[in-house]
Amino acid sequence: MAAGPGIRPGAAGAPFAAGRSARNYPHLVAASLGLALVDVTYSGATTANLLAERQCGARPQIDALDGSESLVTITVGGNDVGYVQLLTAASLPRVAQMLPMIAALIDRRARDQALAQVEESLKTVGEAVRARAPRARVLFVDYLSLLPPAGVRAAPLSDDDAELGRYVAAGLEKRTAAAAVATGCVVVRAAEASREHHAFSADPWTVGAGWPLPWRPMPFHPNAAGMAAVANLVVAKLNDEQAAQGRS
């Protein structure tokens, strides 16, 4: 969600598997604020990939921190709870959804178990980043809204699958905010800001179901407009905090 797979152009020197765009929100924020950027976003990353596990040979993302940072942004947790995987599975033909591996992705009990674990994982990320970058402002940027509100069709997803997707999204949003507060970080509420810009809206900030093709944004991921919107939210949050400190 932070890497921007399929949003052209790709980031110079980035591994192909990372799906890292030169127009993702970290690049846009850095350009807006005049900051030097170290971008280690990696499509498909979990909290474990941030903290300890290699991903396609890439070192854990936290290894990029050396204590000199003034700002760290984090968008993670969706792969831990299987959010996009759920929506992708639910968009497949019904016969494919009968396969055990696919059916497991749409199983509510499995999603509940993953949601129950993700808050502690997010807290661990917040604590670890603050320890490695003690002078930085640390922002958890949650996920742009992908699905329309209840009562609005999200074809090819069934109403039941779309409701499960909204349930997982709301759970992840809640737990991201809680983890940010618990670890002294700040939350940027991209989900809330994008309620009317879901993938099925007239002015979408994300992409809906479809086949992954190299010349367009990945299905169930942000588009270029969404990345620009998230960057604006991050900059606005930082400006608001700076103004509040000036008044105190």
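The values are calculated or read from the model by the stated rules, or taken from the named source; none is laboratory data. Note that the structure is a prediction, hence the values are computed from the model and not measured. Counting neighbours? That spans all protein chains shown, and the Cβs are built from the backbone with ideal geometry, glycine included.
Residues checked against (1) in contact with a Pro (Cβ under 6 Å, 6 or more places away or on another chain); (2) more than 20 Å from Ile106 (Cβ to Cβ):
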residue: Phe140; (1), (2): no, yes
residue: Leu144; (1), (2): yes, yes
residue: Ala154; (1), (2): yes, no
residue: Tyr167; (1), (2): no, no
residue: Leu172; (1), (2): no, no
residue: Ala193; (1), (2): no, yes
residue: Ser201; (1), (2): no, yes
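Could you list, in sequence order, the residues of segment 70-112 that are under 30 Å from Arg135 (Cβ atoms), of a type in the set (Gly, Ala, Ser) and crowded, with 21+ Cβ neighbours inside 10 Å? Within segment 70-112, Gly77, Gly78 meet the criteria. The helices (runs of 4 or more DSSP H) found entirely in segment 1-105 that carry 2 or more residues being over 19 Å from the mean Cα position of the chain (by Cα) are 25-33, 94-97, 100-105.
Residue pairs whose Cβ atoms lie under 6 Å apart, sitting 6 or more positions apart in sequence or on different chains, and linking a residue in segment 188-209 that is among the hydroxyl-bearing types (Ser, Thr, Tyr) to a partner that is buried (at least 18 other Cβ atoms within 10 Å of the Cβ) and not in a loop (DSSP other than H, G, I, E, B), are Thr206/Pro222; Thr206/Gly226. Of the set (1) out of contact with any Pro (no Cβ under 6 Å at 6 or more places or on another chain); (2) within 20 Å of Pro212 (Cα to Cα), all apply to Glu120 but (2). When residues in segment 76-102 are screened for being touching a Ser or Thr at 6+ places or on another chain (Cβ under 8 Å), of a type outside the set (D, E, K, R) and farther than 16 Å from Asp160 by Cβ, 3 of them pass. Scan Gly184, Gly126 and give me the residue that is surrounded by fewer than 17 Cβ atoms within 10 Å (Cβ to Cβ), under 21 Å from Leu238 (Cβ atoms) and modelled with pLDDT of 95 or more. Residue meeting the stated conditions: Gly184.
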